[in-house]
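What follows is a single structure, written as structure tokens, with notes after it.
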Amino acid sequence: ADTGTAMTGALRYRNVAVSEVFTPLVNTFMLGADERLGFDTVAKIFRTGYSRIPVYEVSKSNIIGLLFVKDLIFLDPEDEIPVKNFVQIFGRGLHVVWPDDKLGDVMKLLKKGRSHMALVRDVNDGEGKMDPFYEIKGIITLEDIVEVILGDEIVDE
Ligand code: ADP
């Protein structure tokens, strides 16, 4: 194939918007901070296969941090420890991006941090009935970006 075309394809991801590839909140597996890590919950977590679980308090749009599933190796489910005791990256340490942000910029951001996951936030204008407020719309990970990059390369072959 023409080298120029392959290059354009590999670089195209940079201008793709977060909104095109992120995982919406309804599809995001999360845990409440006060839930207890007993047998059922731990089994449910392992069954999802995810390595990072956003943790919320009060409402699913209020994410306070991340639980790293590998931290559960030393957990005794009989102790029924609350999820909040395992929250590693707290609110202010979480990356937050906008749906219009471009994957090139998000990639740079994610490479700097240690979670490789960002929350996607947008303004909810309350349909004019209330004051606008921020709302978490979902998550995006390095994997979502890599999929766009690889997808382009396959198309180019
Ligand atoms: P993992 O390492 O947990 O498999 P990846 O970063 O490889 O996660 O992401 C794989 C896909 O799963 C991506 O589309 C990402 O948005 C999604 N994802 C990651 N964590 C979660 C989660 N807790 N709930 C739902 N989807 C998730």
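Tabulated results
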read-out	value
Qualifying positions in the range 16-51 - open to solvent by 50 Å² or more (accessible area, probe 1.4 Å) and more than 23 Å from Ile136 (Cα to Cα)	Arg36, Phe39, Asp40, Lys44, Phe46, Arg47
Hits in the range 83-120 - residues which are aromatic (Phe, Trp, Tyr) and surrounded by fewer than 14 Cβ atoms within 10 Å (Cβ to Cβ)	Phe90
Test: residue in the range 128-149 that is open to solvent by 40 Å² or more (accessible area, probe 1.4 Å), within 16 Å of the ligand (Cβ to nearest atom), among the charged types (D, E, K, R) and more than 23 Å from Arg92 (Cβ to Cβ)	yes
Flag if Val123 is hydrophobic (A, V, I, L, M, F, W, C), surrounded by fewer than 13 Cβ atoms within 10 Å (Cβ to Cβ) and either on the phi < 0 side of the Ramachandran plot or more than 14 Å from the ligand (Cβ to nearest atom) (or both)	yes
Hits in the range 59-74 - residues which are open to solvent by 40 Å² or more (accessible area, probe 1.4 Å) and either charged (D, E, K, R) or modelled with pLDDT of 95 or more (or both)	Lys60, Lys70, Asp71
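The values are calculated or read from the model by the stated rules, or taken from the named source; none is laboratory data. Quick caveat: nothing in here was measured; it's all calculated off a predicted structure. Methodologically, a virtual Cβ is constructed for each residue, glycine included, from the backbone with ideal geometry; neighbour enumeration extends over all protein chains shown. Only protein heavy atoms, including side chains, enter the accessible area calculation; ligands, DNA and RNA are left aside. Shrake-Rupley method; radii C 1.70, N 1.55, O 1.52, S 1.80 Å.
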